[in-house]
Amino acid sequence: MDDTPNAPEHELFLFLASTAHDMKNSISVLSGTLERLLAESSPAQDGAYPQLAHMLYQTKRLNDNLMQLLALYKKVGKPDYPFDLQPLEMGHLVDQVAAIARVLLGSRGIRLDVDVDRAQIWHVDEDLVVGVLSHAINNAIHYTCDTVRLAIREVDGSLELRVEDNGPGYPPALLEAGASAARDIGGVNFLTNSTGLGLYFSSEVAKMHRHRGRHGTLRLENGGAYGGGCFILTLP
């Protein structure tokens, strides 16, 4: 069966992608404004501070989702997607992720612990991996008690990137959804699982990274250094 979309469908897809891109740009402006307002105020002096912090969290969620939708629209993992595998120092990767999350972490009073060999170099698509880790940290910020951990290390010849928290951990249903999302998008209920798109996107990014017959993987578990949820991206 030929799955190539006809002209009207193709035009609709282009329109939807263009609209999503425009929305993402607007949300990025809104997010930047909220970050500036939070940086200029303090919880003790501004009664609206908690509401501004919550608005920033929600705008970052929307921005993540639109970025992921656009990447998937461009056929992530297919030859026509501009997948850019380059050597990257892990210190530089961590700095980018921490900078993106800095204001939101500060507004929630959450500490980011980092465990990484900054000089370690790995071949990754920088933009996609930064997007995956940023999404995972944004999600952890919502559920943790007061700490998020970003740990990167080599394990059995692969690079393991972990985002952990000290919250209550993932419920069994989400752990099952995470496992099915890594295999089949149909296994995720987008109506009830707000992280479904993020899990699917992260899984696709993991699989794009291939080396000597191996590809990356994504898994969720509970435990880790703090006993909470663990988002684990493994790249060959």
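Observations
- At a probe radius of 1.4 angstrom, the accessible area of region 53-143 per residue rounds to 48 square angstrom.
- When a 1.4 Å probe is rolled over the protein heavy atoms, the share of accessible surface on region 111-161 that falls to carbon and sulfur comes to 43 percent.
The values are calculated or read from the model by the stated rules, or taken from the named source; none is laboratory data. Owing to the predicted nature of the structure, the values given are computational and were not obtained by experimental measurement. Side chains are part of the model used for accessible areas, which takes the heavy atoms of the whole protein and leaves out ligands, DNA and RNA. Shrake-Rupley method; radii C 1.70, N 1.55, O 1.52, S 1.80 Å.
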